[in-house]
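Each remark here refers to the structure printed beneath this line.
The values are calculated or read from the model by the stated rules, or taken from the named source; none is laboratory data. Quick caveat, the model's predicted, so the values are computed rather than measured. Here the Cβ positions follow ideal geometry from the backbone for every residue, glycine too, while neighbour counts run over all protein chains shown. Accessible surface is based on the protein model in full, side chains and every heavy atom, while ligands, DNA and RNA are left aside. Shrake-Rupley method; radii C 1.70, N 1.55, O 1.52, S 1.80 Å.
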Amino acid sequence: MQIHKELDTRGLNCPLPILKAKKALADMQSGEVLKVVSTDPGSMRDFQAFARQTGNELLEQSREADDFVHFLRRR
């Protein structure tokens, strides 16, 4: 998967990872992929809801040690 932008939101709690992702996606072209790394366990469900509400595609989510990693495709 080609990543066009990566956002490190480690140490930030809801709603900051979502707000930063929203801002980053606004600066991206349709079809581009954003990788967001977070330490907030709630970010797993937050990004699922964010994708449903905005129409951006949640491609993948995973947990790597203490990090939660999200991949979103800009609509």
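Annotations
- Annotation note: of 28, 1, 44, the sole residue that is out of contact with any Gly (no Cβ under 6 Å at 6 or more places or on another chain) and at pLDDT below 95 is 1.
- For region 53-72, a residue qualifies if it is open to solvent by less than 30 Å² (accessible area, probe 1.4 Å) and under 9 Å from the mean Cα position of the chain (by Cα), and the qualifying residues are 69, 70, 71, 72.
- Matching residues in region 1-47 - criterion: being over 12 Å from residue 70 (Cβ atoms), open to solvent by 20 Å² or more (accessible area, probe 1.4 Å) and hydrophobic (A, V, I, L, M, F, W, C): 1, 12, 14, 16, 19, 26
- Restricting the first member to region 7-33 and to residues that are of a type outside the set (Gly, Ala, Ser), and the second to residues that are part of a helix (DSSP H, G or I) and open to solvent by 50 Å² or more (accessible area, probe 1.4 Å), the beta-carbon pairs closer than 8 Å and six or more apart or on different chains are 7/20; 9/16; 9/20; 12/20.
- Checked against (1) exposed (fewer than 14 other Cβ atoms within 10 Å of the Cβ); (2) closer than 13 Å to residue 14 by Cα; (3) not hydroxyl-bearing (Ser, Thr, Tyr), residue 50 passes all but condition (1).
- Hits in region 16-48 (condition: assigned to a helix (DSSP H, G or I) and of a type in the set (S, T, N, Q)): 43, 48
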